[in-house]
Amino acid sequence: MPISAAVTSIGLVVMWSSGFIGAELGTREATADTLLMWRFLAAAAVLGGAWLLLRRRRIPLRALAEQAAIGALSQGGYLGGIVWAVGLGVPSGTAALIAAVQPLAAGALAGRLLGEAVSPRQWAGLAIGLGGVALVVQGDLSAGPAAAPAWAYGLPFAAMAALLAASFLERRVRAPLDPVDAIPLHCLVSAVLFTGVALAGGHAAPPAAGGFWTAVVWTVLLSTVGGYGFYWLSLRRNGVTRTSALIYLTPPTTLVWAYAMFGDAPGWTALAGVAVCVIGVTAATARRRPGRSAQLAEDPVGDRAVPRVPAE
């Protein structure tokens, strides 16, 4: 039975947020490139093995090339930029705030590139959501700049741009694949990229500590299988603008994860930000029924359609 849009949205927020917790767990034991290398080696082995056993079929060369590019951008570019920026000393709150600009950028570009209408109500919701994220991360920002090189602050912007590019590319592919076919390929591409980086830096050997492998399992099952699986499902069901707006809920959700696992209690400012994020995302993602004049064009992917006439 197909997963509903609501379940897809909730799964995206919860599982995407788990990646920040997994990164903290893993980087306590090893460098960022070591964690990313073994995360994607494990993910490629698990998902690729499952695909060979349960789903093996011929994939067109065009689809392979398209999905390789999408995987390099959505996993290699996005995760590499965020994790390395934090590793270089950029405060995690600053990196999160920069990455949270993604919904506004997606909304600005969706109409021009994809023909997705962005209504004034959605624009207002996106702006409110950005204000909520700013409240959530205010504590990190007020702590002062970290001892990071100036160029490191460009990495979260590059990460955000990479994920946006992957999202738009996925919506324009000529040979679309189901997530169960695409995600193993994404993981394989990311494994090759991060293995090369770790080998070049002399960080390929994993630590013996059990906590590192706990983090690897966490990031593979929750962040990769769950997070990216729900992300691509949401893109196909909800579109780029609504999916990007849901990213606003990941910083406050991460606060809940951090409190439950590390005892990091959020302050009143963060809680206020959570409320503002909920309001903004509700405004940006709520759907209105299309009028009779709305005509839908069938999309190459079976369960999505793109409205020719804006329904909002």
TODO: Looking only at the stretch 178-187, decide whether some residue is over 22 Å from the mean Cα position of the chain (by Cα), open to solvent by less than 20 Å² (accessible area, probe 1.4 Å) and not β-branched (Val, Ile, Thr).
DONE: no
| said: Tell me whether the stretch 39-46 contains one or more residues that are within 21 Å of ALA158 (Cα to Cα), open to solvent by less than 20 Å² (accessible area, probe 1.4 Å) and at pLDDT 90 or above. | reply: yes
Requested in this report: Scan the stretch 137-151 and give yes if some residue there is in contact with a helix residue (DSSP H, G or I) (Cβ under 7 Å, 6 or more places away or on another chain), more than 30 Å from LEU41 (Cα to Cα) and either among the hydrophobic types (A, V, I, L, M, F, W, C) or modelled with pLDDT of 85 or more (or both), otherwise no.
Outcome: yes
When you scan the stretch 55-72, do you find a residue that is touching a Ser or Thr at 6+ places or on another chain (Cβ under 7 Å) and touching a residue at least 60 places away in the same chain (Cβ under 8 Å), even just one? yes
Per the filter on the stretch 218-238, residues buried (at least 23 other Cβ atoms within 10 Å of the Cβ) and free of Cβ contacts under 8 Å to residues at least 40 places away in the same chain are none
Only one of ILE82, ILE21, ILE98, ILE70 is at pLDDT 90 or above and either in contact with a strand residue (DSSP E or B) (Cβ under 9 Å, 6 or more places away or on another chain) or surrounded by 19 or more Cβ atoms within 10 Å (Cβ to Cβ) (or both), namely ILE70
Selection from the stretch 198-245 of residues at pLDDT below 85 and among the aromatic types (Phe, Trp, Tyr) yields TYR228, TYR231, TRP232
### Query
Would a scan of the stretch 267-277 turn up a residue that is at pLDDT 75 or above, in a loop (DSSP other than H, G, I, E, B) and either closer than 21 Å to MET160 by Cα or open to solvent by 40 Å² or more (accessible area, probe 1.4 Å) (or both)?
no
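The values are calculated or read from the model by the stated rules, or taken from the named source; none is laboratory data. Bear in mind that the values here come from a model prediction, so they are computed numbers and not experimental data. Cβ: placed from backbone, ideal geometry, glycine included. Neighbour counts: every protein chain shown. Accessible surface is based on the protein model in full, side chains and every heavy atom, while ligands, DNA and RNA are left aside. Shrake-Rupley method; radii C 1.70, N 1.55, O 1.52, S 1.80 Å.
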